[in-house]
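Notes follow the structure.
The values are calculated or read from the model by the stated rules, or taken from the named source; none is laboratory data. Since we're looking at a predicted model, the values are computed, not measured. Cβ placement follows ideal geometry from the backbone for every residue including glycine, while neighbour counts extend to all protein chains displayed. Accessible surface is based on the protein model in full, side chains and every heavy atom, while ligands, DNA and RNA are left aside. Shrake-Rupley method; radii C 1.70, N 1.55, O 1.52, S 1.80 Å.
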Amino acid sequence: MSNAELLHDNLLIGAGVTLGGGTWSLPVTNLLTRAMVAQPARCTAIATPGAATVTIDFGEDVSISRWAVFHITASLGGSTYRLRASSTSGHAGDLLDTGFQPIFRGTSPSMSLPWEHPGWWYGLPREKDVTGYPRHLVIAIPATKARWWSVEFSDPTNPAGYLDLGYMIAGTPISFEHNFDLGRRRGRTSRSIIEMTPGGGQIIDRRRAVRSHSMTWSMLSVAEASTIYDLAQNRDGVDLVLFIPDPDLLDAASIRDVFPARLVGSIGEMSRTGDGLWTVSVTLEELIA
């Protein structure tokens, strides 16, 4: 198990960043708005690999090891992405090229799926089994320094005929020498509204539940604890944070464990518990819209 990561500094937000490419019916600038579902970027050219492309010019070389796209409406089977980093604007000198990869990989043991299910060999879940989970794409790459980047998407079997991208973040996460303590809690709060009529019938407004993570780091140096304290001070329960509990299990656990969130509760409070040791508890609540 590798140590958990917190990605919060979105390098896509800032001077010199440009986004473009593809055939977009909703503006690609929506990729950086917090209204991820209400204001997505929407591309209608998704049948051909490379037609739906987001290009970024940072204006200077930047080092990146994690990319994420939240609330992506890609189909479970047949959708792909390709991430490229280059030393030239025309990608004549690629420093990184992932090639086309499936957006969704195996998340379920094959033996838990019906034999006739088309995703049995790949461990792809059935649509009805993951309908309660928003779909996110998280890409882990070796730290790469480049000025020009591009992310290409294709989804020829998407029944909607278009692809929505809710929010995109890229950067380098923070991690600590010692991982969080045993006892991390994966929470879930139901938001569905159930009313009972005078006759005893039920009127149900079903809504997607909100997930959460709660964990404690108790072996932090003062510098490490201050990093979380500063993160909480700057994000203040408003701005987005991505928590990755175990990067080694990113593909298998991504549907259930990795999602955009905000810090809640008594966020980032530091407590000295030993000689040079500090404890910080963190709770993150899912952003679903």
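Got a sec? Which of T55, T73, T88 is assigned to a strand (DSSP E or B) and in contact with a Phe, Trp or Tyr (Cβ under 9 Å, 6 or more places away or on another chain)? Give the steps one after another, and end with the answer.
On the way: T73 fails: assigned to a strand (DSSP E or B); T88 fails: assigned to a strand (DSSP E or B).
Matching residue, one of T55, T73, T88: T55.
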Report summary line: Flagged in the range 248-287 as within 13 Å of the chain's Cα centre (by Cα), of a type outside the set (D, E) and at pLDDT below 90, in numbering order, are L250, A253, S254, I255, R256
Report summary line: Exactly one of R211, R207 is under 22 Å from the mean Cα position of the chain (by Cα) and open to solvent by 70 Å² or more (accessible area, probe 1.4 Å), and that one is R207
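Here is a check on your reading of the model: is S226 touching a Phe, Trp or Tyr at 6+ places or on another chain (Cβ under 9 Å) and farther than 27 Å from D129 by Cβ?
Values: touching a Phe, Trp or Tyr at 6+ places or on another chain (Cβ under 9 Å): yes; farther than 27 Å from D129 by Cβ: yes.
Considered against the rule, which asks whether it is touching a Phe, Trp or Tyr at 6+ places or on another chain (Cβ under 9 Å) and farther than 27 Å from D129 by Cβ, S226 comes out as yes.
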**Report entry** Output for the range 248-270, where each listed residue is in contact (Cβ under 8 Å) with a residue 60 or more places away in the chain and either open to solvent by less than 30 Å² (accessible area, probe 1.4 Å) or under 21 Å from E127 (Cα atoms) (or both)
**Finding:** L250, D251, A252, A253, S254, I255, R256, D257, V258, F259, P260
